[in-house]
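Only one structure is covered here, and it is reproduced in the block below.
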Amino acid sequence: GAVVSQHPSWVICKSGTSVKIECRSLDFQATTMFWYRQFPKQSLMLMATSNEGSKATYEQGVEKDKFLINHASLTLSTLTVTSAHPEDSSFYICSAAGQGNSPLHFGNGTRLTVT
Amino acid sequence: RKEVEQDPGPFNVPEGATVAFNCTYSNSASQSFFWYRQDCRKEPKLLMSVYSSGNEDGRFTAQLNRASQYISLLIRDSKLSDSATYLCGESGGYQKVTFGIGTKLQVIP
């Protein structure tokens with residue numbers, strides 16, 4: 001089945017620094033990838049839709065200048081959390097799907113802790 | 001009103017029991033529905049897609065009721081390993097999925 005790989009699995013950084021998270025589709029090409037965020041005991045919340053070769057589409061309330069998304073190839077999307085603050089500490093998960101209405105497959109997630 | 005609503009639980013059931021979860025959705029244009037399983041501090045893993053005719057995979061049965069806008073998941077003969085959070089998701093197209101908060105299941109020996 002479809003495999004999505006995410007790196008790193010966890011990261012601890014200081015306030016004010018930037019963190020880059022990579023998401024790769026390993027056995028299929030993904031023109032669209034999705035970035036979700038999940039706070040403890042909360043639902044997965046969609047942050048943005050990453051489109052290969054074009055600008056990402058952000059959900060309401062998500063700052064595009066803070067969460068930079070780059071989808072430079074059909075197998076790689078990156079999310080950069082810029083000037084991270086403690087409130088950005090969360091579980092960030094990317095996902096991708098094959099063609100049509102195929103179900104999403106998720107990366108293993110990145111647990112970000114900002115101190 | 002939330003787009004996808006689930007009872008967060010927890011549902012505590014003994015081994016071998018049958019348990020059912022419901023999930024309601026507000027988008028009448030939703031096209032695709034899914035159940036995912038999420039273990040603590042892990043990513044969600046697809047359990048099954050939900051089809052209009054209902055579908056079954058071993059001990060798991062999923063059903064869709066479009067008229068009442070809900071999907072259900074039935075787990076028979078619960079195992080300890082079924083303990084997890086079960087997320088339902090719906091998509092109106094373009095692969096974008098909206099998830100509920102998840103229902104926590106704890107199977108007790």
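The values are calculated or read from the model by the stated rules, or taken from the named source; none is laboratory data. The structure presented is a predicted model; accordingly, all values stated were derived computationally and were not measured. In this analysis, Cβ positions are derived from the backbone assuming ideal geometry, glycine residues included, and neighbour counts consider all displayed protein chains. We work out accessible area using only protein heavy atoms, side chains counted, and drop any ligands, DNA or RNA first. Shrake-Rupley method; radii C 1.70, N 1.55, O 1.52, S 1.80 Å.
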Two-site FRET efficiency, residue A:68 against residue A:3, from Cβ-Cβ distance with R₀ of 25 Å, rounded to 0.05 = 0.50
Residue mean of other protein chain beta carbons inside 10 Å, B:37-43 = 4
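Give me the accessible area per residue for chain B, probe 1.4 Å, as a whole number in Å². Spell out each step's value before the answer.
Details: 5480 Å² over 109 residues.
In whole numbers, chain B has 50 Å² accessible per residue.
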task = Mind listing, in residue-number order, the residues in the stretch B:67-109 that have at least 20 Å² less accessible area with every protein chain present than in their own chain alone (1.4 Å probe)?
result = B:95, B:96, B:97, B:99, B:101
request  = Please go through the residue pairs A:64/B:79; A:20/B:79; A:64/B:42 and name each one whose alpha carbons sit more than 32 Å apart in this structure.
outcome  = A:64/B:79; A:20/B:79
remark   = Relative contact order in percent for chain B (Cα pairs under 8 Å, 6+ apart) equals 38
ask   = Rounded to the nearest 0.05, what FRET efficiency do residue B:66 and residue B:17 have when you use their Cβ-Cβ distance and R0 = 30 Å?
value = 0.55
message = Can you tell me how chain A classifies by the Cα gyration tensor, rounded, prolate or oblate, using a/c under 1.5 as the rounded cut?
response = prolate
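Could you tell me what percent of the accessible area of the protein assembly as shown is made up of carbon and sulfur, with a 1.4 Å probe and every protein chain present? Intermediate results must be reported in sequence, preceding the final value.
Working: 5560 of 11150 Å².
Reported share for carbon and sulfur atoms: 50 percent.
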message = Probe of 1.4 angstrom, ligands and nucleic acids ignored: what's the accessible area per residue over chain A, in square angstrom?
response = 49
inquiry  = Under the rule a/c < 1.5 gives rounded, and otherwise a/b versus b/c splits prolate from oblate, where does the stretch A:5-48 land using the Cα gyration tensor?
reply    = oblate
Simple spin-label estimate for residue A:39 and residue A:115 in nanometres, 7 Å along Cα-Cβ = 2.3
request  = With r as the distance between the Cβ atoms of residue B:74 and residue A:20 and R0 = 41 Å, compute the FRET efficiency 1/(1 + (r/R0)^6) and round to 0.05.
outcome  = 0.45
remark   = Here, residue A:27 and residue A:85, labelled 7 Å along Cα→Cβ, have an inter-label distance in nm of 4.2
message = For a test of the definition: using alpha carbon positions, the gyration tensor, and the 1.5 limit on a/c, classify the protein assembly as shown as rounded, prolate or oblate.
response = prolate
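Residue separation times 0.36 nm, minus the C-alpha to C-alpha distance between residue B:31 and residue B:59: what's the value? Write out the running numbers ahead of the final one.
Values: separation 28, 0.36 × 28 = 10.08 nm, distance 2.49 nm.
The residue B:31-residue B:59 span can extend by a further 7.6 nm.
Nearest 100 Å² is fine: how much accessible area is buried between B and A, summed over both sides, with a 1.4 Å probe? Intermediate values should be presented prior to the final figure.
Numbers: alone 6350 and 6500 Å², together 11150 Å².
Its buried surface, counting both partners, is about 1700 Å².
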query = When the dipole is taken about the Cα centre of the stretch B:38-77, and only Lys, Arg (+1) and Asp, Glu (-1) are charged at their Cβ, what size is it in debye, to the nearest 20?
reply = 100
